[in-house]
Ligand SMILES: [Cu+2]
């Protein structure tokens, strides 16, 4: 086949692909709010949907330590992921969790001396540092094919989704409620997309400022643990 023939064949294939019903795509936008509709950053939103939904690719998740804080504050990973904890500070840290979902402690380390930690169970894992009390973060382990964290406007967008029925689950690491919130959404052909507003109720203070562990019932009772 000549280069021209190959190019034409590729264009025909791409056109067929773009016009097939399975690729008609729309977005789902989720807004998370707290009491009185205040936008909530750091809310964890996961999405499951039709079989044609391709799971998100997540490679080498990391939770760094920068200026004596964890970065990001909230990290979502798929079950059986290994998370690295690179220390970018000049001081040493010792990362740990006492949670029932994942109990671990690294050695006191600098740079990348600590081994990555594997998260084998689904649930919310509070992360701390034995040296610095104000260092607090959260890892949420999920089986959902798609997930995200809300930005400062309380928003997360899942783009180019195939049509079908979706389940949205939202929670916040500082929340006072004992359950996550769930919603069902149907994306249909020609629809531009869907927007869901999810109120997560009363949220506790930022633990990085209060320097106290959050009093989140999800962490105590672990309803997501398997
Ligand atoms: Cu530390």
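Only the coordinates and a few stated rules stand behind these numbers; no lab work does. These numbers were taken from a predicted model, which means no experiment stands behind them. Note that each Cβ is placed from the backbone with ideal geometry, even for glycine, and that neighbours are counted across all protein chains shown.
Subtracting the Cα-Cα distance from 0.36 nm times the residue separation, let me have the gained length for residue 143 to residue 38 in nm, one decimal. Numbers along the way, then the final one.
Details: separation 105, 0.36 × 105 = 37.80 nm, distance 2.87 nm.
Extending this stretch completely gives an extra 34.9 nm.
Run the numbers for residue 131 and residue 82: contour at 0.36 nm per residue of separation, minus the present Cα-Cα distance, in nm.
Full-extension gain reported as 15.3 nm.
Could you calculate the contour length gain from residue 56 to residue 215, that is, 0.36 nm times the residue separation minus the distance between their Cα atoms, to one decimal place in nm?
On the way: separation 159, 0.36 × 159 = 57.24 nm, distance 3.09 nm.
Gain in length upon complete extension: 54.2 nm.
Helix 3-19: angle to the longest alpha-carbon principal axis of the chain, degrees 0 to 90, nearest 10?
Here the helix axis deviates by roughly 70 degrees.
Report the convex hull volume per residue for the chain, counting only C-alpha atoms, in Å³. Before the final figure, lay out each step's value.
Details: hull volume 36.4 nm³, N = 226.
Dividing the Cα hull volume of the chain by its residues yields 161 Å³.
If each of residue 182 and residue 113 carries a label point 7 Å out from its Cα toward its Cβ, how far apart are those two points in nm?
Using points 7 Å along Cα→Cβ, the separation is 4.6 nm.
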